[in-house]
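The values are calculated or read from the model by the stated rules, or taken from the named source; none is laboratory data. On a predicted model such as this, the values are computed, not experimentally measured, just so you know. FYI the Cβ positions are ideal-geometry reconstructions off the backbone, even for glycines, and counts take in every protein chain you see. In case anyone asks, the SASA skips ligands and DNA or RNA and just uses the protein heavy atoms, side chains included. Shrake-Rupley method; radii C 1.70, N 1.55, O 1.52, S 1.80 Å.
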Amino acid sequence: ILSRAVIETPPLGMVNVHASLLPRYRGASPIAHAILAGETVTGVTILRVVPGLDAGDMLAKASVEIGPDETTGELEARLAPIGAELLVDVVQ
């Protein structure tokens with residue numbers, strides 16, 4: 001968790017690319033937790049960084065289906081470019 005001083009440094013604030021459809025699976029290992037829980041859909045959430053764990057306003061989301069035999073690594077590889085594209089949209 002970042003300090004308030006760090007969070008407040010950028011004049012327009014900070015954003016985070018989180019690999020789950022918040023508010024589910026906050027914190028570490030959201031991809032693995034979604035698979036282990038038997039979820040069939042997950043995604044990426046872009047949110048403002050605030051003090052607290054994944055607690056800021058959600059700015060955008062994109063969802064994807066989880067394949068029946070998909071691994072954490074495979075799903076992470078699919079989510080990364082989706083998160084990058086969504087981040088570019090939000091920042092613009």
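Sort out which residues of the range 16-32 are farther than 16 Å from Gly73 by Cα and open to solvent by less than 60 Å² (accessible area, probe 1.4 Å), and write them in order of number.
Asn16, Leu21, Leu22, Tyr25, Gly27 - these are the residues of the range 16-32 that are farther than 16 Å from Gly73 by Cα and open to solvent by less than 60 Å² (accessible area, probe 1.4 Å).
Scan the range 24-66 for residues that are outside any loop (DSSP other than H, G, I, E, B) and closer than 18 Å to Ile1 by Cα and jot them down.
Pro30, Thr45, Ile46, Leu47, Arg48, Met58, listed by residue number.
Counting only residues that are crowded, with 16+ Cβ neighbours inside 10 Å and closer than 22 Å to Glu85 by Cα, how many does the range 33-47 have?
The number of residues fulfilling the criteria is 7.
Give the residue that is surrounded by the most Cβ atoms within 10 Å (Cβ to Cβ), with candidates limited to residues of the range 67-79 that are without any contact (Cβ under 8 Å) to a residue 24 or more places away in the chain and assigned to a helix (DSSP H, G or I).
For the range 67-79, the residue satisfying everything is Arg78.
Before we move on, is Leu86 outside any loop (DSSP other than H, G, I, E, B) and open to solvent by less than 80 Å² (accessible area, probe 1.4 Å)?
yes
Could you please find all residues in the range 51-62 being over 9 Å from the mean Cα position of the chain (by Cα) and either free of Cβ contacts under 8 Å to residues at least 40 places away in the same chain or surrounded by fewer than 18 Cβ atoms within 10 Å (Cβ to Cβ) (or both)?
Scanning the range 51-62 gives Pro51, Gly52, Leu53, Ala55, Asp57, Met58, Leu59, Ala60, Ala62.
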